[in-house]
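Q: Mind having a look at this structure? Questions to follow.
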Amino acid sequence: MPQGQTLAIDFGTSNSAAALMHAGAVHRIPIEDGQPTLPTAVFFPAEDGPMQIGTAAIEALIAGEDGRFMRALKSVLGLPLFHEQRLISGRRRSLLEITAAFLERLRRAAEDHTGQRFTHVLSGRPVHFHAVSDDKEAQAEDDLRASYHAAGFAEVSFLAEPEAAALTTAQARKEADIELVVDIGGGTSDFTVVQQSAAGPVVLASHGLRLGGTDFDHAISMSHAMPCLGLGTQLRREMGDGLLPVPIAPFADLATWAKIPFLYTPETRRMVARMLRLSTQPDRLGRLAQVLEQELGHDIAFAVEAGKIAVNGAEGEAVIDLRIVETGLDIAATRPSVDAALTVHKHKLSEAVATTLTRAGIEGADVHQVTLVGGSSLMSLVSDVVALRCPQARIARAEAFTAVVDGLAHAAHARDRAAAT
Ligand SMILES: Nc1ncnc2c1ncn2[C@@H]1O[C@H](COP(=O)(O)OP(=O)(O)OP(=O)(O)O)[C@@H](O)[C@H]1O
Ligand SMILES: [Mg+2]
């Protein structure tokens, strides 16, 4: 049987894309009108309607439609939660089934668009989903492979996301330069050092960290938004005198994209109601109860993310708009307040760049070019870190949201050609 073309898929924590080579150029599959990527988001209407994906899913959430919204599915790969059956809009489903349904939509869009049938996929994967030594690390790739199989792909291969991105930048540059590709997305930070050559980039080392824009969102939410919902307040003891700090867990989950849907349970609502009766600041903690009741967790997460992006922009300050929770509830976010929330993350990124260079056997000063890809590489703290670590390097930006899928399309094409000969 002749082998069909391999479809390239970048399944991202925040955004996904599919592409293939056509007539010598990358062709991205239009999944949403006029957009090269789509949000990795799904929405299940409460009434048994079809699952919505991408921007349509976000629009359903923002319009306040009744149903279950999910984002950051990738960050749950490797966790037991990925396989657990949960009641979602009237049906028990696992996150594996939901991820498979999302990937199947990408496959069908590619098939409708090209008239081809796709049985092979080359998918990006972070250098590490979790820590290397973690059991969850191997499980995460198994989970993603199982999702692709369930989505109808018979053969599934993986390529590290920053190595894919390096293939894209190699198309534009042929000098024998040392290049550091830094891909910071929604869920992971990935680094590859390549030596560019006429024959293509040679990978000297790759390294990765489970840290991305969703972690930035978490940190900013915990420092800016959650205190307004009662984080940091106190509870009276049920027995005896004295005060206790309010538990952090419900706030930490509410500030974590992938965990928000699982907070909307009768148990959590009862726990918060009990906390509220003991609260010394019910005006604040009452908002948490209301957010759980009205299922506003994702609205808060989107407001925090928008605030993060705005603070990073030219103005350097923004308001995190929580008026959906309460009239007039706006929280000021400034460059210093956000920098303070992200100090630990910045330090980890800096250490990860140093580790990558050491593994490649080079000094920062040996790097000719740093290429930044991924939405979170637009954060100024990222360019600050690489400028310090690689003082001689030119800092270039590739297409932040499509460099990985474009590189995957090149790699898929090369594999298909090799298999055909
Ligand atoms: N202008 C911006 N400034 C800062 N951050 C941004 C900007 N635009 C998008 N982001 C962040 O970039 C992240 C998404 O980037 P991207 O689409 O590259 O991730 P991804 O590929 O889905 O994730 P991963 O590769 O980690 O699985 C989000 O966290 C988003 O908030
Ligand atoms: Mg990515």
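Q: Loop only by DSSP, 12 or fewer other Cβ within 10 Å of the Cβ. Give me the trypsin sites (Lys or Arg not before Pro) in segment 94-148 that pass, ordered by residue number. Write down the numbers at each step before the final one.
A: Working: sites: ARG105, ARG107, ARG108, ARG117, LYS136, ARG145; in loops: ARG117.
Filter output for segment 94-148: ARG117.
Q: Provide the percentage of antiparallel DSSP beta bridges, counting only those with both residues in the chain; round to the nearest 5. Mind showing how you got there, number by number?
A: Values: 44 of 63 bridges.
Restricted to the chain, the bridges split so that about 70 percent are antiparallel.
Q: What's the long-distance tail for the chain, i.e. % of Cα pairs beyond 30 Å?
A: Roughly 45 percent, rounded to a whole number.
Q: Suppose every K and R has +1 on its Cβ and every D and E has -1 on its Cβ; what is the size of the dipole of segment 1-105 about the Cα centre, in Debye to the nearest 20?
A: With only Lys, Arg, Asp and Glu charged at Cβ, the dipole is about 340 debye.
Q: Still on this structure: When the chain is fully extended, how far beyond the present Cα-Cα distance does ALA63 get from ILE324, taking 0.36 nm per residue of separation?
A: Stretched out fully, the ALA63 to ILE324 stretch lengthens by 92.8 nm.
Q: Using only DSSP helix segments of four residues or longer, with each worth -39500 (n - 2.57), what per-residue ellipticity at 222 nm results for the chain after dividing by its residue count and rounding to 500?
A: -12500 deg cm²/dmol, from helical runs alone.
Q: Given charges of +1 on the Cβ of Lys and Arg and -1 on the Cβ of Asp and Glu, with all other atoms neutral, how large is the dipole of the chain about its Cα centre, in debye to the nearest 20?
A: My answer is approximately 480 debye.
Q: Continuing with this model, one more query. Mind listing which GluC sites (Glu not before Pro) in segment 1-75 are in a DSSP loop and have 10 or fewer other Cβ atoms within 10 Å?
A: Counting only loop positions with at most 10 other Cβ atoms within 10 Å, the GluC sites (Glu not before Pro) in segment 1-75 are GLU47.
Q: Moving on to the next point. Separation between the ARG236 and GLU137 pseudo-spin-labels, each 7 Å from Cα along Cα→Cβ, expressed in nm?
A: Each label point is offset 7 Å from its Cα along the Cβ direction, giving 5.1 nm.
Q: In addition: Say the dipole of segment 106-179 comes from +1 at the beta carbon of Lys and Arg and -1 at that of Asp and Glu; which of ALA154, ILE178, GLY115 then lies farthest toward its positive end?
A: Highest projection toward the positive end goes to GLY115.
Q: Taking the dipole about the Cα centre of the chain, with the C-beta of Lys and Arg at +1 and of Asp and Glu at -1, give me whichever of THR280, LEU243, ALA219 is farthest to the positive side.
A: Value computed over the given set: LEU243.
Q: Roughly how far apart, in whole Å, are the Cα centres of segment 96-149 and segment 176-230?
A: Each part's Cα centre sits 20 Å from the other's.
Q: Using a basic spin-label model with each label point 7 Å from the Cα along Cα→Cβ, how many nm lie between GLU293 and ASP253?
A: 1.9
Q: Let me ask something additional. Sequence-distant or interchain residues sharing an amide H contact under 5 Å with THR13, placed H: which?
A: So THR13 has HN proximity to GLY186, GLY187.
Q: Still on this model: Counting only heavy atoms of protein chains, what accessible area per residue, in Å², does segment 182-298 have with a probe of 1.4 Å?
A: It amounts to 40 Å² per residue over segment 182-298.
Q: Okay, moving on. Calculated FRET efficiency, ALA23 and GLU104, Cβ-Cβ r, R0 30 Å, to nearest 0.05?
A: The value I calculate is 0.65.
Q: Using a Förster radius of 30 Å, what is the FRET efficiency between ASP366 and ALA414 based on their Cβ-Cβ separation? Nearest 0.05, please.
A: 0.60
Q: To continue, here is another question. What does the net charge come to around THR268 if you take all other residues with beta carbon closer than 14 Å to its beta carbon, with K and R at +1 and D and E at -1?
A: In short, +1.
Q: Within 14 Å, Cβ to Cβ, of GLN290, how many net charges do the neighbouring residues add up to if Lys/Arg are +1 and Asp/Glu are -1?
A: Details: positive: ARG269, ARG284, ARG287, ARG323; negative: ASP283, GLU293, GLU295, ASP299, GLU326.
Residues near GLN290 contribute -1 overall.
Q: Extending each Cα 7 Å along its Cβ direction at ALA354 and GLN85, get the distance between those two points in nm, one decimal.
A: Inter-label distance under the simple model: 5.0 nm.
Q: Ignoring any ligand, DNA or RNA, what whole percent of the accessible area of the chain comes from carbon and sulfur when the probe is 1.4 angstrom?
A: Numbers: 9550 of 18160 Å².
Using a 1.4 Å probe with all protein chains present, the chain comes out at 53 percent carbon and sulfur.
Q: Size of the dipole of segment 287-421 about the Cα centre, Lys and Arg at +1 and Asp and Glu at -1 on the beta carbon, nothing else charged, in debye to 20?
A: That gives a dipole near 600 debye.
Q: Next question. With θ taken as phi - 60° and the coefficients 6.51, -1.76 and 1.60, list the Karplus ³J(HN,Hα) couplings across segment 285-295 in order, rounded to whole Hz; mark glycine and proline as x.
A: 5, x, 5, 4, 4, 5, 5, 6, 4, 8, 6
Q: Find which of LEU81, PHE129, VAL202 sits farthest along the positive direction of the dipole of the chain, computed with +1 on the beta-carbon of Lys and Arg, -1 on that of Asp and Glu, about the Cα centre.
A: It is LEU81.
Q: Something else about it: Considering only lysines 8 or more places apart in sequence, or on different chains, count the pairs in the chain whose C-alpha atoms sit under 23 Å apart.
A: Qualifying lysine pairs in the chain: 10.
The values are calculated or read from the model by the stated rules, or taken from the named source; none is laboratory data. Predicted model, so just to flag it, every value in this text is computed and none were measured. All Cβ positions, even for glycine, are placed from backbone atoms using ideal geometry, and neighbour counts span all protein chains on display. Only protein heavy atoms, including side chains, enter the accessible area calculation; ligands, DNA and RNA are left aside. Shrake-Rupley method; radii C 1.70, N 1.55, O 1.52, S 1.80 Å.
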